[in-house]
Structure formats: C-alpha cells, structure tokens
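In what follows, a single structure is set out as structure tokens and then discussed.
The values are calculated or read from the model by the stated rules, or taken from the named source; none is laboratory data. This one's a predicted model, so the numbers in the text were calculated from it and none came from an experiment. Heads up, the Cβs are rebuilt from the backbone with ideal geometry, glycines too, and the neighbour counts pull from every protein chain shown. Areas reflect the complete protein model, heavy atoms only, side chains present, ligands, DNA and RNA absent. Shrake-Rupley method; radii C 1.70, N 1.55, O 1.52, S 1.80 Å.
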Amino acid sequence: MENHPSRGGLRAVATSAALMAVLALCAPPAAHAVICNRTITADVVALDQVFFWNRLGAVQPHGMIYALRRDVVPINGAHGLVAGNVMLREDKRPRPIVLRMAVGDCLQIDFQNLLNPTPVDNEQPATRHAGVHVVGLQLVHSIADDGSNVGANGSSLVAPGGSATYTLYAEREGQHVLHSAGAMTGGDGNGGSSAAGLFGAVNVEPEGAVFYRSQITREDTELATEKDGFGHPIFTAAGQPVLDYDAVYPTGHPKAGTPILRMLTAGNELVHTDLTAIIVGSDPNGGFGAGRFPQGTYPLNPVFPDREQPFREFTIIYHDEPGAVQAFPIFNDPVFKHTTHSVRDAFAINYGTGGIGAEILANRLGVGPMWECAGCKYEEFFLTSWAVGDPAMVVDIPANAPCTVQDVKSGNVNACTPQPGPKATKAFYPDDPSNVYHSYLMDHVKFRLLHGGVKEHHIHHLHAHQWEFAADSDESSYLDSQAIGPGASFTLEMVYNGSGNRNQTVGDSIFHCHFYPHFAMGMWSFWRVHDVLEVGTELDAEGRPSGGARALPDGEIAAGTPIPGVVPLPGLPMAPVPQADVDIVAGNAVVTGAGNPGYPFFIPGIAGHRPPHPPLDLVVENGVVHDGGLPRHVIGPGEVIEVHTRLDFTKEIEAIEAFELAEAGEPVEQAAMAFHEQRFHPTCLPDGTCDTAVGGSSNVKFITNGLPRAQGAPYAEPCIDDFGNAVGSPRQYKAADIQLDVALTKSGWHFPQQRMIALWEDVAPTFSGARPPEPLFFRANSDDCITYWLANLVPGIYELDDFQVRTPTDILGQHIHLVKFDVTSSDGSGNGWNYEDGTFSPDEVRERMHAIRAHNNCLGDEVSGGDPRDGTFTCPVAEPHPFFGAGPDANNDGVADWLGGQTTVQKWYADDVLNNAGEDRTLRTVFTHDHFGPSTHQQAGLYAGLVIEPEGSTWRHPETGQIFGNRHDGGPTSWRADILTADVDDSYREFLLEFADFQLAYEEGSHPELPFAGGPVGPRP
Ligand SMILES: [Cu+2]
C-alpha cells in the first residue's frame, strides 16, 4: 500500500486512520489460517497436443494444453510419460481443463510440466517453463502457490520434467481463469502459451456441492444404469434408464473403480474435467427434490423462481489469437488473403471454431458436409447445422484432405487440391462431439463464462435466454449480451429455470461474440434444449452410429453423427423417451411411427442443404398468403452458376429439385406441435419413481409449453405466464426491409446501398423523400404480445462497391433480443437445426421459381408464365406483393423489383421483470437486427431498436402531439416520444439513439459509374 505524502496535519491524521481501517479489513491469511472443508486434489500435466479446430481442417500444430495425468499416455510407450513424449488418450477430446471445487474447499494442484523441452515449431513460445496460475483464488501456503515468476518472489514455475504443487482456497461461488504464467507474451504480442491453448478454468460451486458429468457416451449411460439381480438394466415404467449417480466402472473395465458420473473419488481426487457438469447440493439418489441445495443458499429474486435446484453448468471459454493453420491454402494466397483474412478461423470457444470463410470456400470447392449444397450461397448458411453440421466437430477425414499444414502455409493455391465430394466417415468424441452444450427443457442452467484469450474484448450474446448481471440483486440489469475481457469471468444464471426460458422453447439457441468480425471468424456455439430423453447414440465397433441408431443427420457422414447422452438432473421429472423412432439412412433422418420424435427430428430438412422456413410462418391476410407465388418448400441438389474471385462471390441457382411442404406443418411437425401443446407429460424421476396416471396429481410431470400452436410460434407460444396461461395485450407491427440511396450529411455524403427498416405506411414517403430516413425505433408496453410482420424489398445481391465484395444477400430476418419467442421459428435466423426463419428477397423467390421451372421443364418463365402448369408448385409464377405491389425497376433489368415479395411472421412477448417488491422493471431497450447477412450489411444500416415501456403507457409525438401506435402497421413511430404512463407523475420524454460503426459513405458526386450514382432522393439531415 502506497504511503501518500501528507498535505496538512489534519489530513494526515484522517489518512492514517483510514489506512488502519483498511489494514484491519485485509488482515493477512497467515493470521487466520485457512480451514479447508475438503482438500480436492488434481494431478495436472501440461503437454504439447496437436488438435483440430473443426471438421474442415483448421488445425493447431503448436497446441499446448493441460490435462489430468490419467487422461494422457506416452506417444512412444517405450519411453514412458516424460516431457515431450505425451499425448491425450484417444477417446479424450482436447478441451480446456476445468477443475471444480466448492466454497470452503481447498484445491491442491499437483502439477508436472511435460512440455517438450524445445518448442515443437516456431509458433510456440521459446520459454518452456510452465506452471498453473489461477486468477482470483486465495493462496493457502505461501506465494509459491501463485504459479508465477514475478518481482522479488522465488519462481513457482517449473522446467520440463519438473513438478510443483499449488494449493488454493475458494471463498465464494464463481469461476477463475487458469493459465500458465511461464510465457505470457509471444511474438507480435500474441499471448505466448495462452494463444497456443494452455489455459482452463477452476469453477467454484456452492458450499458442499457435489459434481457429476452432464454429457456422456451411450456406453457410460448403460454402465451407470441400475441393474437387477441378474445384471439386467432397470428401466422406469416410462422407459427411461434408472440411474445410479454414484456408479463406478465395473471390474474388468479399463477404468475399473473410477466413478462414471461423479467427478471426485471417495478420496476427493478429481477424475473428470468436462466443460459441462451437473452440480448437486445434496444426495442425488432419491425421489422428488433430491439433490437440492439447502434453503436460503441464495437471496430471493423473482426472475429466478427456484435457485436451489441442482443445476447444469456450461463452462464457456472465449479465446483469441490462436494462430490456427487454416483449412485451405487460399487463406495465404498473396491476392486472395485480402478477401479471406477477415473470415479465417481465428476466434474460438473451448478450442473450437466455425469461421465463415472456410465454410463458404468448402461449399464452392465441393467438400465437407455442404459439398453439394446448391442453395448455399454466402453468409446465410453459415450457422445452420443442416448445411454445415454442428460447429467445431472433429472427424476422421477433414474436408481439406489431402492438404497438409505445409501446403496451406505455402500460400500457393495450387499446392494441393482438396479431394471433392464427401470424405469423412465418422465424428470423434461421442460424449463431446461439437461446440454444442446440452440440457432438457426446464433444467436450471448456469454458464461459467471466462475469457482465456490474450487480447480482444468480446460481447457474449445468447439467443432466446437471459441472465442478470448480478443474480443476487433483484434490481440488477436484465441481459442477453455482456462484455468480457482477457482474464475476466462471470456466472450467468439463466432466468426462469433456464432451459427453454418462460415459454419452454425447444431447439438451438446460439451464443456468439456480437462483434461481427469475431463471430465470422468462428466465435459461436449452441445451447441445445431437448424435449425428449437422449441416452447417447449407440455406436458400432468402429465408433460409428450403429445401423438403426438415433443419430444426427449429416451431409457428408452417411452414418450420421453421435448425440451425447444427456444425464438428467436428479430429483426432477425426466424428459420422456422419443415417441416416434429415428434412424439415419444415407445421412438423412428417417422417422417411423407416430408422435414426437424429439428435436430436431421433426424439422423436415435435408442433410447438407438449407433448412425450410418454419410452418405457420407466412402471413395470411384476408385469405391471401404472402408467399409471392412460392409456397413453403425445401430444396435439394441442383445446378448453379457461381463466381469466386477476390471481388465477387455471386452464386445463382439455375435448376433445382424442390419439395413443397405444408404451410400448416408436415405430419411429423404436427405431431411435435401436438406434443408441445400438452403442458404436463406424466413421467418418472431418475430414481425410478413414476407418475404414470395421465392427469394424476403427483409432481412427476415433464412440462412443455401447453398453449396452441400459433403463427410465428408453432412449438412455444411466447405470450404465456409461468403457470401456462395465455396472457398479453395484442400489438401488431408491419415492417419492411428496404434499400435506397440515403444522404448522411448536410454536405451530401451518401450511401447508395443503405439498407434499413420502415413500417409499411412509411415506405413510400421514405422512398419519395417526404420522410427523413431513420433507424426503425418502435415501442411496446410491458405485457404486450407482439406480432411482427417482415416484408423484404431488398435486392438479393449486395453490389460490389469500394468497400465490400459482391455477395448474395438472398434472405433477411428480424432477430430480436430479450423478448420471449419460439427459438425454432421466431429467432430471425437459421441457427443449428432450427428452421430458416427469414423472408426471401423477391430476387431469391424469382430465382428459385426459375430453377424449379427449369428442373421441371416448364415452358415460359416465372414472370410471364407460359406453361399449362403455371401457378402450381411445379411451375410457380411470381406474384406482386399484396401491399407493395410489383414495385419499381430500379436496377433496369426489365422486371419489377418487388415481384415475388413475401411477408413472414415473428411472435414476441414483452414479459415483465419483477423485483422483490413486485414492481415491473420492464425489459427496457431491445436491440434487433438481421441475422442472415449482418457482416455484409449491418454497417449499411440494417439495425433497429424496440423499447419496452411501462404497462399501460401511451406514446405521443413531443412536437405534433400525434399519438403513436394506432395505425394498422403499428405506426406512427419515431426516435422521440413522450411516454405518458398510467401514473401521470412517472411520465417522461424519451430520445432513442442507435450507435453504429463502419458506416459506408460516398462523397457527393463521386463514382458516377456506381449503381444508384445519381445521389439520394431524400432530404439531407
Ligand atoms: Cu469478440
């Protein structure tokens, strides 16, 4: 503590009194020896480990990681486990190590440095000393527990071969970045050993907690299942296996005597270091309510109605600057690298990435799961598992084979040619095959969010679920986006019992860095919420899904890819077993039998291709379907014309096989809707206690949404209270995405491809210049049930300009934050195995019609017709948009631009956010944007804001006095308003500001050769 020079007698006295008080508060640990509830031991080594970032081929030859000694083996058995001769066991996926302890425990890390004494390549730091430094935990014995070499302290790092012990104490729940302080910086400030992967986490659980595995193989599910006297597995009356959470591997098994699910041995040694876990507060092997934490463990907060349940934990570590070797040599090509640099695999979560560049290139090269996806154009298929598989999957033959690291680094695009077509035959690591984190509907979930990287800040954003910044405060900020910097960490406790949120929405919720360049460079993953029990995919002797096994579809791997067994939380009603059967035939899921097959098998997609729109997604108004003449469908292989140059990534479908899908849902979708329309499903507890009487009065019911299917919400009606009742005041918005030349400054700077959102009645005045262009700001009152219509009047191509390459932008969506919605169908995006929830550009509608007509040998064309089958799905013909008509012909191609225009539906609920006094704090300010092409055009203006006002408010223009929100399209609206609240004394004036960066703009009169070069029609600001 610094001694400040005194500036006067009185001041000096005050200062020293304050100093004394501070000293008393931080009395040194030596004076109060730490008393450890338990001492947990972890036998940790550091090793060099090559790992793949994903299935397309990005690789980390210079990888350095931590692992438990029991999880590594010698590379050369003859030399034993010595520094430089170490690798992970074959069945163990390279992942950041996660050590767990509880409040009041001590953690003793017995560390040995088994790194190669010399760097394996010139990407690794030269320093080979290493240790384990944990950010923020207390040192128990001495400064030697710090795992560092700083100041005048002795070094607590060790050279290769050396060992050290670090003992740490935890005082409060949370999570702590763990890393080596041996090589903290490297060349170009790249972060040394952390960039290579040498980091992990220590998670501190509530006092007394016991930790279990959450995701396991089918084999482990079977081994952990209770057996009868004959050794046969015991199943509940509803067909689920009865689990013994404390089972150990049997005699004769290579891991005999080791706990299967429990992460600690009886002697408190950590034997599992999974990213995911089940955290339990008391004995899990019991009936209803088993495994709970003691009452009073957490303060009350109405957005967390039951914080004492056992919970599922996802450890999510963002990291950057890994120096990954890319999948394809084109990333190092002297010309092309300027186009591909910003889309390489460079930003990661838990040693996995899904960079958009390699995905698009794989499609263009005809390799990987997207190898024959004709409909995959550009940014829009980036996140759909239907086309690209689950993110960060690792397979036996990567898509870039036979390219080597040397080929890729050479920067010579001709150094190798990836063998075209499907090559991979299996996905590895069936308990952890991808960057997908699993739970069941209604599971209480906490994210342990950490930044293990070295340089950049990130914005963790999660779809369809929220947390509060400080869950222990009932006045804390309600969030779905939060900044995190290197070394920092947060616990994100998910509101309303977590999985599926208040409306029990099944499906994939993506989380990603909201900095788009980082997102595009691979920083994204999924939280998958299941509606049926998953016991793990049955595998054959080679580790592939067995014939007839339930597995995920795949565009490349014919046997499909494994689904981990998702261990049920103890003491809670288990998800039912799937009703209809699933097996994989030639990569596609085949559903047989009646009832719900479970997510994602009710979604009628084709593996390796873009998924269909959701059912009940097209607007029907006065009996007219807003489909532009093209009904709901899914497309398969086809013929395309494509360009991929440094400046142009155009792709057009020429001929395509398409299959019409019922707008009301195919039979399998209707079966899943019927399942989710039933709120209570009698089921069993993990210990075998059942409620098999339908309508019986026990608590053993699995809960789903229970309200009828609706437009924009086929499986999870958002306007619902916590007891399953329909709620909310209806509010309707009708909006359109438009493109026009917008003036941005008084001096005439303008942007010809400005893309923005306007309400329907505001579109014409905005085009004519009568209304100044502004971001769409719109409002709802708390408890409003919002139906949002989205028409897309934007061209299907972003034209080449001085800023960006020519790219397809064939679909736009309205992704929204904070409000409640059905994530499969109102996410405004196409993430994971969900539907493609967006509105096609009229250009895309006509292009698909053209290709379908070509495939079916229709006479004439999609604009004028000319075939007797015109107007059927076989020979579709474009229709004008029911509200906007056929539109202008701004691009002078002889076809009205809006011919074929569609309108789709989103449904959102502005639910309340109560404090302990029962006051509604409202969701407040809600960001909304397109999620299909944000890297292309968010900076071109495509963003908006929804503000949730107090319940019962009216809104008024501050200057004209006009009342907002009474028009058929939800307008009028503005960035400013007087908010007249129910209690007039609370009324306020509101100004809404949308900050944006990288706005594209041209000087007045520059580049007359560009499209729309005539300058803006509209007024200057
Ligand atoms: Cu980021």
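With θ set to phi - 60°, apply the Karplus curve 6.51 cos²θ - 1.76 cosθ + 1.60 along region 51-67 and write out the HN-Hα couplings as whole Hz, x wherever there is a Gly or Pro.
8, 8, 7, 6, 7, 7, x, 4, 9, 10, x, 9, x, 9, 9, 9, 7
Within 10 Å, at most 10 other Cβ atoms, and a DSSP state outside H, G, I, E, B define an exposed site. Report the longest part of the chain free of exposed GluC sites (Glu not before Pro).
91-541
So how far, in whole Å, is the C-alpha centre of region 102-133 from the one of region 792-871?
51
Express the accessible area of the chain per residue in Å², computed with a 1.4 Å probe while the remaining protein chains stay in the model.
Heavy-atom accessible area per residue stands at 35 Å².
Work out the charge dipole of the chain with +1 on the Cβ of Lys and Arg and -1 on the Cβ of Asp and Glu about the Cα centre, then indicate which of 964, 591, 878 is farthest towards its positive end.
About the Cα centre, the residue reaching furthest to the positive side is 591.
Need the C-alpha centroid separation for region 530-561 versus region 485-529, integer Å.
One Cα centre to the other: 25 Å.
Calculated from DSSP H runs of 4 or more alone, at -39500 (n - 2.57) each and per residue, what is the 222 nm mean residue ellipticity of the chain, nearest 500?
Helices in the chain give a 222 nm mean residue ellipticity of -2500 deg cm²/dmol.
By how many nm would the segment from residue 643 to residue 228 lengthen if fully extended, with 0.36 nm per residue of separation less the alpha-carbon distance?
This chain segment gains 143.1 nm when fully extended.
Under 11 Å from the Cβ of residue 836, count the other residues' Cβ atoms, weight Lys and Arg +1, Asp and Glu -1, and hand me the total.
-3
Near residue 83, within a Cβ-to-Cβ distance under 11 Å, what is the net charge of the other residues, with Lys and Arg +1 and Asp and Glu -1?
Around residue 83, the surrounding residues sum to 0.
Percent of alpha carbon pairs in region 743-882 separated by more than 18 Å?
When all Cα pairs of region 743-882 are counted, 70 percent exceed 18 Å.
Under the definition of Cα pairs under 8 Å and six or more residues apart, what whole-number percent is the relative contact order of the chain?
Here the relative contact order equals 10 percent.
What translational diffusion coefficient, to the nearest whole µm²/s, does the chain have by Stokes-Einstein, given a Kirkwood radius computed over alpha-carbon pairs, a temperature of 25 °C and 0.890 mPa s viscosity?
For these conditions, the coefficient is 82 µm²/s.
How high is the FRET efficiency from residue 622 to residue 890, r the C-beta distance, R0 25 Å, rounded to 0.05?
0.30
For every other residue with a beta carbon closer than 14 angstrom to the beta carbon of residue 869, add +1 if it is Lys or Arg and -1 if Asp or Glu, then tell me the sum.
Charge balance near residue 869 sits at -4.
On a full-extension model of 0.36 nm per residue, what is the gain between residue 295 and residue 342, subtracting their alpha-carbon distance, rounded to one decimal in nm?
Result for the pair: 11.9 nm of gain on full extension.
Residue 806 versus residue 152, label points 7 Å from Cα toward the beta carbon: distance in nm?
Distance between label points: 7.0 nm.
Tell me which lysines have Cα within less than 24 Å of residue 227's Cα, excluding those fewer than 8 residues away on the same chain?
Those lysines meeting the cut-off are 255.
Would you mind checking 426/651; 423/651; 409/455 for any pair whose Cα atoms are more than 28 angstrom apart?
426/651
Explain nothing, just compute: Karplus ³J(HN,Hα) = 6.51 cos²θ - 1.76 cosθ + 1.60, θ = phi - 60°, for every residue of region 763-780 in order, whole Hz, x for Gly and Pro.
5, 4, x, 6, 5, 6, x, 6, 10, x, x, 8, x, 5, 10, 9, 10, 9
Throw me the Rg/Rh for region 878-1021, computed over C-alpha atoms with Kirkwood Rh, two decimals.
1.04
What ³J(HN,Hα) values, in whole Hz, does the Karplus curve 6.51 cos²θ - 1.76 cosθ + 1.60 give for region 79-90 when θ = phi - 60°, with x put for Gly and Pro?
After applying 6.51 cos²θ - 1.76 cosθ + 1.60, I find 9, x, 7, 10, 3, x, 10, 9, 8, 5, 4, 4 Hz.
Arranged from highest to lowest average of other beta-carbon atoms within 10 Å per residue, in what order do the peptides 601-608, 519-526, 960-967 appear?
Answer by packing, highest mean first, reads 519-526, 601-608, 960-967.
What residues have an amide H closer than 5 Å to that of residue 539, excluding those fewer than 5 places away on the same chain, when H is modeled at 1.01 Å from N in the peptide plane?
Answer set, sorted by chain and number: 546.
What shape does region 516-642 have by the C-alpha gyration tensor, where a ≥ b ≥ c are the square roots of the eigenvalues, rounded means a/c under 1.5, and otherwise prolate means a/b greater than b/c and oblate the rest?
prolate
Give me P(r) over region 808-955, computed from all C-alpha to C-alpha distances, binned every 5 Å, as integer percentages.
2, 9, 13, 15, 15, 14, 11, 8, 5, 4, 3, 1, 1, 0
Place +1 on the Cβ of every Lys and Arg and -1 on the Cβ of every Asp and Glu in the chain, take the dipole about the Cα centre, and give the residue among 356, 278, 118 whose Cα lies farthest towards its positive end.
Selected residue: 118.
May I have the extent of the alpha carbons of region 909-950 along their three principal axes, as whole Å values ordered from largest to smallest?
Principal-axis extents of region 909-950 (Cα, largest first): 45, 15, 14 Å.
Considering only protein heavy atoms and a probe of 1.4 Å, how much of the accessible area of the chain is carbon and sulfur, as a whole percent?
Of the solvent-accessible surface of the chain, carbon and sulfur hold 55 percent.
Express in nm, to one decimal, how much length is gained between residue 726 and residue 126 on full extension, taking 0.36 nm for each residue of separation and deducting their alpha carbon distance.
So the chain would gain 209.7 nm between residue 726 and residue 126.
Using alpha-carbon pairs under 8 Å, 6+ residues apart, how would you state the relative contact order of region 265-315 in percent?
Averaging sequence separation for qualifying contacts and normalising by length gives 42 percent for region 265-315.
In Å, what is the Rg of the alpha-carbon atoms in region 674-738, and how long is Dmax?
Both quantities, over Cα of region 674-738: 16.3, 57 Å.
For region 321-436, what does the alpha-carbon gyration tensor say about shape, rounded, prolate or oblate, given a ≥ b ≥ c as the root eigenvalues, a/c under 1.5 as rounded, and a/b over b/c as prolate?
rounded
Quantify how much of the Cα-Cα distance distribution of region 762-842 extends past 22 Å, in percent.
Beyond 22 Å sits 45 percent of the P(r) for region 762-842.
Relative to the longest principal axis of the chain, what angle (0 to 90°, nearest 10) does the C-alpha long axis of helix 9-25 take?
80
Based on the Cβ-Cβ distance from residue 541 to residue 78, what FRET efficiency comes out when R0 is 22 Å, to the nearest 0.05?
That pair, residue 541 with residue 78, gives E of 0.20.
Please give the charge dipole size of the chain, origin at the Cα centre, charges +1 on K and R Cβ atoms and -1 on D and E Cβ atoms. Round to the nearest 20 debye.
So the magnitude is around 2200 debye.
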